[in-house]
Amino acid sequence: MRKNGSVKVATSKGRTDRGAKARVRWEDTDGVDEETTKRILRAIAIFLLTLALLGGSIYGLKMLMLGGKMGLAAAEPTSGPVLRGYIPAPRPATVPPIYFTNEDGLVGKLTDFTGKVVLLNLWATWCAPCVKELPSLDRLQGRLGGEEFQVLALSQDRGGRLTVSPFLDRLKLNNLPVYLDPEGKTLHDLGVGGLPTTFLIDRQGRALGRLEGEADWDSPEALRLIQLAIGKDTTTSKQRPGGIIKTGG
């Protein structure tokens with residue numbers, strides 16, 4: 001009977017003899033193979049762990065660089081109503097040029113909204129959290145949208161208008177204009193790693209803060225956050241007369 005290895009039979013006369021008392025010596029080649037396999041598996045595990053740690057370090061470095069570039073803080077405000085997940089900037093930060101097309105194929109840019117507070121929301125139809133927060137964005141635009149404020153919901157769908165327009169129609173979101181960035185250039189330029197991501201931008205086109213993930217954008221906390229941005233001149237830190245829009249009550 002073989003043990004998945006080789007068997008050698010030796011006699012005192014150095015020859016094979018059926019009647020002789022043989023001494024069986026196993027050469028357990030399985031032991032060598034098993035040890036080699038263990039070493040290979042350990043090496044693979046160390047390699048994969050190194051890749052994971054390296055990937056995490058690169059992502060963390062990228063987010064740190066983005067935070068510095070956009071002037072965004074890593075802490076949330078400690079006073080007043082807080083919109084969960086919102087990260088304010090310690091100072092207004094310049095936003096890179098942003099271009100998009102509308103439903104008619106006309107090219108627009110962020111600077112078209114200079115003089116308004118803009119809520120720039122990056123989303124896609126295939127992103128479940130994005131879709132979940134769209135109705136609140138639609139209500140927000142219906143409530144505050146106008147000369148002072150604009151929700152710029154910028155789709156990252158590669159299908160462009162043919163994908164986005166009927167999608168918004170099915171959801172009956174009538175307050176959100178169609179803005180398209182099918183090449184995802186805005187994601188790249190702002191260093192965004194996931195959807196949805198939303199930036200609050202002041203009248204001069206500077207980032208006041210960001211929120212990664214979904215939010216209830218017509219909640220009291222969100223409304224107050226945006227009203228403060230509408231009513232506050234971030235250059236002089238003085239209140240604009242009549243700048244705060246009342247929400248009732």
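Quick note: the coordinates plus some simple rules give every number you see, no bench work behind them. Note that this is a predicted model, so its numbers are computed, not measured. Cβ coordinates were reconstructed from backbone atoms using ideal geometry, including for glycine residues, and neighbour counts include every protein chain displayed.
Quick notes on this one:
- Difference of contour (0.36 nm per residue) and Cα-Cα distance, Ile87 to Asp33: 14.0 nm
- Two-site label geometry, Gln204 and Lys132: point separation in nm, points 7 Å out along Cα→Cβ: 3.7
- Under 5 Å, built H, 5+ apart or other chain: amide partners of Phe149: Val117
- Taking label positions 7 Å along the Cα-Cβ direction at both Ile40 and Val107, the computed distance is 5.6 nm, reported to one decimal.
- P(r) tail fraction, the range 99-168 - alpha-carbon pairs more than 13 Å apart, %: 67
- When peptides 129-141, 173-185 are sorted by average Cβ neighbour count within 10 Å, with the highest value leading, the order is 129-141, 173-185.
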